[in-house]
Amino acid sequence: KGFSRANLMYMRAFAEAWPREEFVQQAVGQLPWGHNIVLLTRLKTLEQRLAYARRAVEHGWSRSALGMHIERRLLEREGQAVTNFDVRLPKPQSDLARESLKDPYVFDFLALADGFHEKELESGLIAHVEKFLLELGAGFAFVGRQYPLEVGGQDFYIDLLFYHLKLRCFVVIDLKRGDFKPEYAGKMNFYCNVVDEQLRHASDAPNIGLILCQQPNRVLAEYALRGIGKPIGVSAYDLTRALPTELQSSLPSIESIEQALATDAEGDNA
């Protein structure tokens, strides 16, 4: 019976967004129309749309998954962690490892009160391990929590241990509450040395460490990782999803809400 007005407008927007035929052939043309509407309405630049289109084709994302990843700014967070991978890992392993980490990680599926303990954070992540794995990204396989290591007659425990199927290496994760401290890098270097000695197979790539803090100071982290022998990354984690800047600016402030409520109350009293 013909196209609706909305569909005609989307078709025009599609043609304006993808003026070059090779873009359509490479990625966009391999996605259903609903996916393309999400790309057109949720992203502003050609580079963003093409990046998310390629990733959606690569991983077979559904329309809802594509929208979720855009909302959570997945691609914008990838490769942003502070690392020493460029000097501790060979190419292209260093690039692949860097792109496998995010900054920040968003753990908005947890309900933790202020003043929570690191054990509570760890327990919450394991209780929601499926969502945790989705946030970590493709390739992470869970190995263990409080993974035991015996060194020199003493017992040590890794907060979380993973194996990355694409990188072919162990990933040691240390959870910290509060700001990053330089001594965290030395502790992670120790853990990576022990995992390298006790768990790494001859065919595995060098294992990497990831320190997750609430407020990592990037300058401190960069200095702390210099001279460290093992490949280590430092990232932040958020317990609530940050609103996009353009949305924040459109929301009323607390002061304006209070003023409006006071005005309404005066009107009712009158």
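The values are calculated or read from the model by the stated rules, or taken from the named source; none is laboratory data. All values reported here derive from a predicted model rather than from experimental measurement. With ideal geometry, Cβ positions are generated from the backbone for all residues, glycine too; neighbour counts draw on all protein chains shown. What goes into the accessible areas is simple: the full protein's heavy atoms, side chains included, and nothing from ligands, DNA or RNA. Shrake-Rupley method; radii C 1.70, N 1.55, O 1.52, S 1.80 Å.
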For the chain, averaging the sequence separation of alpha carbon pairs under 8 Å that lie six or more residues apart and dividing by its residue count, the contact order in percent is 16 percent
Short to long, in 10 Å steps from zero, the percent of alpha-carbon pairs of the range 136-203 per bin is 18, 50, 29, 3
Toy charge model, Lys and Arg Cβ at +1, Asp and Glu Cβ at -1: the range 1-144 dipole around Cα centroid in debye, rounded to 20, equals 740 debye
Rounded to whole angstrom, the alpha-carbon centroid of the range 101-115 lies from that of the range 170-188 at a distance of 16 Å
Taking only the alpha carbons of the range 20-135, the radius of gyration and the largest Cα-Cα distance, Dmax, both in angstrom, are 17.2, 54
Expressed as a whole-number percentage, the relative contact order of the range 1-159 with C-alpha contacts under 8 angstrom and at least six residues apart is 12 percent
Excluding residues fewer than 8 positions from Lys119 in its own chain, the lysines with Cα under 27 Å of it are Lys102, Lys131, Lys176, Lys181, Lys187, Lys230
In whole Å, largest first, the alpha carbons of the range 151-240 cover along the principal axes 36, 32, 24
Treating every alpha carbon of the range 92-176 as one equal point scatterer without solvent, the Debye formula yields log10 I(q)/I(0) values at q = 0.19, 0.22, 0.23 Å⁻¹ of -0.94, -1.16, -1.22
Put Met9, Met188 in order of accessible area, largest first, probe 1.4 Å, and you get Met9, Met188
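Treating the beta-carbon of each Lys and Arg as +1 and of each Asp and Glu as -1, no other charges, what is the dipole magnitude of the chain about its Cα centre, to the nearest 20 debye?
Numbers: 31 positive and 36 negative charges, 248 e Å.
About 1200 debye.
Excluding ligands, DNA and RNA, what is the solvent-accessible area per residue of the range 26-182 at a probe of 1.4 Å, expressed in Å²?
In whole numbers, the range 26-182 has 49 Å² accessible per residue.
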Expected max-MSF residue from Gln215, Gln154, Gln80 in the GNM of the chain (alpha carbon, under 10 Å) is Gln154
With label points set 7 Å from each Cα along the Cα-to-Cβ direction at Ala202 and Leu112, the distance between them in nm comes to 4.1 nm
In units of 2.2 N^0.38 Å, the Cα radius of gyration of the range 73-223 is 1.01
Residues other than Lys102 with Cβ under 12 Å of its Cβ, Lys/Arg counted +1 and Asp/Glu -1, net out at -2
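Could you calculate the FRET efficiency of Gln214 with Arg42 from 1/(1 + (r/R0)^6), where r is the beta carbon distance between them and R0 is 25 Å, rounded to 0.05?
After rounding, the FRET efficiency stands at 0.30.
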Tilt, helix 254-269 to longest principal axis of the chain (alpha-carbon atoms), in degrees rounded to tens, equals 50 degrees
Evaluated at 4 °C and 1.567 mPa s, the Stokes-Einstein D of the chain based on the Kirkwood radius over Cα pairs, in µm²/s, stands at 60 µm²/s
